[in-house]
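The values are calculated or read from the model by the stated rules, or taken from the named source; none is laboratory data. None of the values given here were measured: they were computed from a predicted structure. Note that we place each Cβ from the backbone using ideal geometry, even for glycine, and neighbour counts take in every protein chain shown.
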Amino acid sequence: MGQLDGRAAIVTGGASGIGAATAELFAREGATVGILDRTQGVDVRDADAVTRAVNEFADANGRLDILVNNAGTGDLRPLHTVDDKLWHRLIDVNLTGTFHGMRAAVPLMLAAGGGAIVNNASVSGLAPTRNEAAYSAAKAAVIALTKSGALEYGPTVRVNCVAPGHIRTPLTAVWEQFPDAWEPIERSIPLRRIGEAAEVAEVILFLASDRAAYITGETITVDGGISLPQAGTDLALSQLLERFGGG
C-alpha cells in the first residue's frame, strides 16, 4: 500500500532533476501525477497557463491533493553584472512561478477540504551564496511565501518547503566535466558527498504525505550539513590536526 494511494499530485518542473525524481516516487507511492514543465509547453511564469493546466488536471482527476512547486533556474555572476532581463527571469521563474502555482491550487484544495503544498527553495535562500544574489533573493522569498501560505490556509492546506544544497541534477551537469571541482565542495560537506535528486524527493514525499500531518510552514534543509554554522577555519584547523596527528 502506497503512502499516496488515491491522491492526485502536480509537480512543476517535473521533467528532470528533483522534479522528475519526485514525480517518479509519487507514482510509485500510488499517486496520479501531472507534470507541468516548459518542455511540455507550460511556463510557470505564465499565470494563465499555470491556472489552466492546474484546473484541467483537477477536472480530469476529480481532485488535486498535492502541489510541488519545483520549477526553477539559476545563474552565477556578480550582482552588479546582472542585467534587468536576467534579474526578472530568475525572480519570475523561481518566485513568481511558485506564487502562480500556489494561487491556482489553493482554491481547489480549500474547496475540497484539504491539501498539501511543497515548495522547492534552496540553502541559498537561507544563507546567500556568493555571486547568486538574484537567485538567493528569490529562494529566500519562496521560504517567506511558504510561511505566509501556512499561516493563511491552515488548517485546511499545509504548506512546507525544502531547501536542497549541492544535488546532482542536469543544472549541475557542467561540474561533471571537471571532476576535480567536486572534491573541495565534498570536503566542505559534513557527509562528504554530493546529494542525489532521489534523496530530496524522499523529503518532499514525507512533507506531502500524512506522516507530516502536523507540520506546516517549515523549511527542511537537504544538504548533507553544509549549511551548518562554521567559523570559516574548518579547513585550516583540520590540516593543523592532521599535522599533529590528531585528525
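For every residue, the table says whether it meets (1) of a type in the set (D, E, K, R); (2) farther than 25 Å from T51 by Cβ.
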{"position": "R77", "(1), (2)": "yes, yes"}
{"position": "V82", "(1), (2)": "no, yes"}
{"position": "G97", "(1), (2)": "no, no"}
{"position": "A133", "(1), (2)": "no, yes"}
{"position": "A140", "(1), (2)": "no, yes"}
{"position": "I143", "(1), (2)": "no, no"}
{"position": "E152", "(1), (2)": "yes, no"}
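With respect to the conditions (1) at pLDDT below 95; (2) among the hydrophobic types (A, V, I, L, M, F, W, C); (3) buried (at least 16 other Cβ atoms within 10 Å of the Cβ), A127 lacks only one, and its number is (3).
Residue-by-condition table, conditions (1) surrounded by 21 or more Cβ atoms within 10 Å (Cβ to Cβ); (2) touching a strand residue (DSSP E or B) at 6+ places or on another chain (Cβ under 6 Å):
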| residue | (1), (2) |
| --- | --- |
| D5 | no, no |
| A9 | yes, yes |
| T12 | yes, yes |
| A20 | yes, no |
| R28 | no, no |
| V33 | yes, yes |
| A47 | no, no |
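Selection of helices (runs of 4 or more DSSP H) fully inside the stretch 1-109 by the criterion of at least 3 residues being more than 19 Å from the chain's Cα centre (by Cα) returns 47-61, 84-91.
Just name the residue that is modelled with the lowest pLDDT out of those in the stretch 173-207 that are among the β-branched types (V, I, T), part of a helix (DSSP H, G or I) and more than 30 Å from R103 (Cβ to Cβ). Step by step, filter the stretch 173-207, then rank; the result is V174. Taking V222 as the residue in question, decide whether it is in contact with a Pro (Cβ under 9 Å, 6 or more places away or on another chain), of a type in the set (A, V, I, L, M), surrounded by 13 or more Cβ atoms within 10 Å (Cβ to Cβ) and in contact (Cβ under 8 Å) with a residue 40 or more places away in the chain. Criteria met by V222. Pairs, please: C-beta under 8 Å, at least 6 apart or cross-chain, first residue within 14 Å of G115 (Cα to Cα) and in the stretch 137-156, second modelled with pLDDT of 95 or more and assigned to a helix (DSSP H, G or I)? Taking only residues 6 or more apart or on different chains, the pairs are G149/M102; G149/V106; Y153/V106; Y153/M109; Y153/L110; T156/M109; T156/L110.
Taking the criterion of being more than 19 Å from P78 (Cβ to Cβ) and either more than 12 Å from the chain's Cα centre (by Cα) or among the aromatic types (F, W, Y) (or both), the residues of the stretch 114-138 that qualify are G114, G115, A116, L126. D92 fulfils the conditions (1) charged (D, E, K, R); (2) without any contact (Cβ under 8 Å) to a residue 60 or more places away in the chain; (3) surrounded by fewer than 17 Cβ atoms within 10 Å (Cβ to Cβ) except for a single criterion, (3).
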